[in-house]
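The values are calculated or read from the model by the stated rules, or taken from the named source; none is laboratory data. Everything quoted here is computed from the prediction, not taken from an experiment. Because the Cβ atoms are built from the backbone with ideal geometry, glycine has one as well, and the counts that use them run over all protein chains shown. Keep in mind that these areas ignore ligands, DNA and RNA; they rest on the heavy atoms of the full protein, side chains included. Shrake-Rupley method; radii C 1.70, N 1.55, O 1.52, S 1.80 Å.
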Amino acid sequence: MPKPGYIAFDLGAESGRAMLAVLSNDRLELTEAHRFLNTPQRLPSGLHWNLTELWANLVEGLRKCGKLAKEKKIKLVSLGVDTWGVDYGLIGASGELLGIPFAYRDTRNGPAMAATVKKLSEKSIYQATGIQFMPFNTLFQLVAAKKSEPGLLELANQGGRLLFMPDLLHYFFSGKPHVEATIASTSQMIDPRSGRWATGLLKSLGLPTRALGKIVPAGTRIGKLRAEIAANAEVGLLDVIVPGSHDTASAVAAVPVDESQSKNWAYLSSGTWSLMGVEIDRPKLNEAARQAGFTHERGVGGKIRFLKNIAGLWLVQECRRDFARRGQEFSYQQLTDLAAKAEPFRTLVDPGYAPFASPGDMPAKIAQFAKQTGQKLPTTPGQYVRACLESLALTYRRTLDRIESVIEKKIDVLHIVGGGGQNTLLNQMTADAINRRVIVGPYEATAVGNALTQAIGAGQVRNLVHLRAIVRKSFKPVTYEPRNSTAFNQAGERFAAYIR
């Protein structure tokens, strides 16, 4: 019998890829078939995703996966898409796309959040949704859309649908509009107790609710690949099975923990964003959780991902782009090597400092933060990148301390998954900062979780416990032990004065 194969489309805020995942004897093998850039574009209306180019790359990735599967004699079973959170598109009653989806870093979202909080208060919104307050949450994007172009929302509300980015792409593949639970939960529009739409909150803001469709769990088969797409890509009529469509949900599903051996663990999904948290069964909607900025998102298998969003390697990515604009081209490994040789703790920054969230001029923003806080300014690429990495490690330490305080449980080990786990310097800094063991891998956790959640939907993986057993069998982790915690303890006291 040919081995079953799953196509995992993993779209991040910087790039995307199509991965062919082959499952055999409880082992998963991944092959990258296609990789492409994902770059938002500035139009007169604001910052938008280049949706048609994204879609063209998905179809090309499907074609390449189909070709690879034929070469390997793999029987393709299904495909699924995961993306970053919060962003959405609208379709009308006829199924036509209404406008080009905005990118979450668009500047209209900040004023919308301020207006919303002024009207309803943070406490009431948090009790209704359990989501960390960030300007780009879908709730605030819709408030901004209502102000700038209310007609589009009304059109969607007259028989159309609001679809989050992976839902929209699943719709393009299948022709069937559905909303998947993990991506919907990033929106600040879901009741964390029930997992259903917080319609009372939305109505109080005058936002549309008829465009909100039924929410389905990760692993749901929503239909077949459209015949014209299958013919164009030269693949069969595959199933379209929604994975944990939020990339972090798929990544956390692939944490290789064995809960029969370790129950006191936390995860860090490391990439453009760092998402740090624990899995819980019931929401923690107390004041401590709200004040600390913790969020409740849905996970694979009905879990709640209790976590905090942290700026992540976006800081380094933006520094690298700025260096390149000035004629200094570095690979990420070269920047890490330069950071390793730079002066320790010269400059510390708050990754959550608001100006850092916008693209462009990151080194200048870091220098300005240093000047405002009375620190030495970085002067070399290595010093800038070291400032980012040390500050991230200290932020992880602060976040883990707060997690333990809210859930009233000691965390013994931190699992790091995702592409950021390839930064060995940051991994060691993290172990030193939190003063406990760090286990890293798999690096391709999002694609792994995506594919294996599809396999749950196809009946070839039993549940989340079985999924994680396959991950442990398929990928060898790397362990980091603390080596320099004293230095990070001392730096932590200074860092506390700079962070909001």
Next item on the list: Count charges around LYS303 for me, please; just the other residues with Cβ under 9 Å from its Cβ, Lys/Arg as +1, Asp/Glu as -1.
Entry: 0
Note to self: Based on the alpha carbons, how large is the Rg to Rh ratio for the range 335-416 when Rh follows Kirkwood?
What the structure shows: 1.04
Check: Based on DSSP H runs of at least 4 residues, each adding -39500 (n - 2.57), what is the mean residue ellipticity at 222 nm of the chain after dividing by all its residues, to the nearest 500 deg cm²/dmol?
Finding: -12500 deg cm²/dmol
Next item on the list: May I ask which residue of SER94, LEU315, ALA469 lies farthest towards the positive end of the charge dipole of the chain, with charges of +1 (Lys, Arg) and -1 (Asp, Glu) on Cβ and the Cα centre as origin?
Entry: ALA469
Checklist line | For the range 151-196: Kirkwood Rh in Å [reciprocal of mean 1/r, alpha carbons] | finding: 11.6 Å
Next item on the list: With a bin width of 10 angstrom, please list the P(r) values of the chain as percents of all Cα-Cα pairs, from the 0 bin to the one holding the largest distance.
Entry: 4, 20, 30, 28, 15, 3, 0
Notebook entry, point to check: What is the chain's relative contact order, in percent, from Cα pairs under 8 angstrom and six or more apart in sequence?
Noted result: 16 percent
Notebook entry, point to check: Nearest 20 debye, what's the magnitude of the dipole of the chain about its Cα centre given +1 on Lys and Arg Cβ and -1 on Asp and Glu Cβ?
Noted result: 440 debye
Next item on the list: Taking the Cα atoms of the range 319-461, report the difference between the largest and smallest coordinate on each principal axis, in whole Å and largest first.
Entry: 55, 38, 28
Margin query: Just want the answer: with Cβ charges of +1 for Lys and Arg and -1 for Asp and Glu, which residue in GLY130, VAL22, GLY360 is farthest toward the dipole's positive end in the chain?
Written below: GLY130
Checklist line | Subset of LYS119/LYS409; LYS214/LYS284; LYS308/LYS410 violating a 28 Å alpha-carbon distance limit | finding: LYS119/LYS409
Item checked: Accessible surface, the chain, averaged per residue in Å² (probe 1.4 Å) -> 40 Å²
Margin query: What is the sum of charges, Lys and Arg at +1 and Asp and Glu at -1, for the other residues whose Cβ falls under 14 Å from the Cβ of ALA357?
Written below: 0
Next item on the list: For LYS64, list the lysines whose Cα falls under 25 Å from its own Cα; do not include residues on the same chain fewer than 8 positions away.
Entry: LYS3, LYS72, LYS73, LYS75, LYS176, LYS224
Next item on the list: Work out the charge dipole of the range 33-117 with +1 on the Cβ of Lys and Arg and -1 on the Cβ of Asp and Glu about the Cα centre, then indicate which of HIS48, LEU58, THR107 is farthest towards its positive end.
Entry: LEU58
